[in-house]
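The values are calculated or read from the model by the stated rules, or taken from the named source; none is laboratory data. As the structure is a computational prediction, the values presented were derived from the model and not from experiment. Backbone-built Cβ (ideal geometry, glycine too); neighbour counts: all protein chains shown.
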Amino acid sequence: MKRQLKNLFASKQQKESAAAELSSDKIPQHVAIIMDGNGRWAKSHGLPRIAGHHSGMKTIKRITKAADRLGVKVLTLYAFSTENWKRPKEEVEFLMKLPQEFLSIELEELHENNVQVRMMGYKEDLPEHTLRAVEAAEERTKHNTGMVLNFALNYGSRKEMLNAFKEMAAAVQTGELQPDQITEELYEQHLLTRTLPDPDLLIRTSGELRISNFMMWQLAYSELWFTDVFWPAFTEEHFHEAIRGYQQRARRFGGL
Ligand code: IPE
Ligand code: IPE
Ligand code: MG
């Protein structure tokens, strides 16, 4: 199978040339993306919505490669929200098959390139086949030390925050924790992102100007980049444009 795969990752020279046009000392460590507009992309091409989701998988490959080339440490991709279960059953079923399809094609090469695949979200509601594929990928790549490719799958920020409150409240009730010991750092240990830095850059495709229940605590000081381009049409050049935009921002974190 390996021989059929084109090299997903860049050679050293390619990495250097992609990095050359951007200042290499200001590459965001963590980029988070709300991959939106698959349905509208499909509609604009006279195709069913699921064709848009399928095409969006190719963008995942493209942008994973681009992010790795630039030296991004964590790439978080919002693939399915806790609210997306409201969609028609056929669409949800299709979306739940995509992780195994993507991973069956890409996992070996991701692994060879030292990428660590992770899932951020509520595993208990996923169909068995989806969970199996995701967990196998996590297991296979867990000792890798390169870029973290973090799929937000059945992820919702409100649920994440409520669970953190519940866990801390339970610890207060048993007397293990005093309310005044609840700090930002402790709270963050109860979030699904506990081992990750906050996103430096959030990108949302498709022209929607909202957060849609994505990483609401973690995005407090992220730079936001919105583009009208639909996710299936989002290219490496669009990604570089977002990084360039990021590099021109002055991040102050409340200071001067
Ligand atoms: C993003 O594309 C993928 C998911 C939310 C799963 P959409 O399916 O939301 O596409 P639009 O927004 O309807 O065009
Ligand atoms: C956000 O997109 C969720 C993902 C991209 C997975 P949606 O298409 O679900 O968001 P809304 O409904 O337009 O806010
Ligand atoms: Mg959408």
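Numbers below:
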| read-out | value |
| --- | --- |
| Leu126 within 19 Å of the chain's Cα centre (by Cα) and closer than 23 Å to Arg49 by Cα | yes |
| Test: residue in the range 45-55 that is at pLDDT 95 or above and out of contact with any helix residue (DSSP H, G or I) (no Cβ under 9 Å at 6 or more places or on another chain) | yes |
| All helices (runs of 4 or more DSSP H) inside the range 76-182 with 2 or more residues being in contact with a Leu (Cβ under 6 Å, 6 or more places away or on another chain) | 128-141, 157-173 |
| Residues satisfying the stated conditions in the range 194-225, i.e. more than 13 Å from ligand 2 (Cβ to nearest atom) and not aliphatic (A, V, I, L, M) | Arg194, Thr195, Pro197, Asp198, Pro199, Asp200, Trp217, Gln218, Tyr221, Ser222, Glu223, Trp225 |
| Members of the range 29-44 that are assigned to a loop (DSSP other than H, G, I, E, B) and more than 7 Å from ligand 1 (Cβ to nearest atom) | Gln29 |
| Extreme residue, surrounded by the fewest Cβ atoms within 10 Å (Cβ to Cβ), among residues of the range 194-236 that are within 13 Å of ligand 3 (Cβ to nearest atom) and hydroxyl-bearing (Ser, Thr, Tyr) | Ser212 |
| Hits in the range 173-193 (condition: under 22 Å from Lys73 (Cβ atoms) and surrounded by 10 or more Cβ atoms within 10 Å (Cβ to Cβ)) | Glu188, Gln189, Leu191, Leu192, Thr193 |
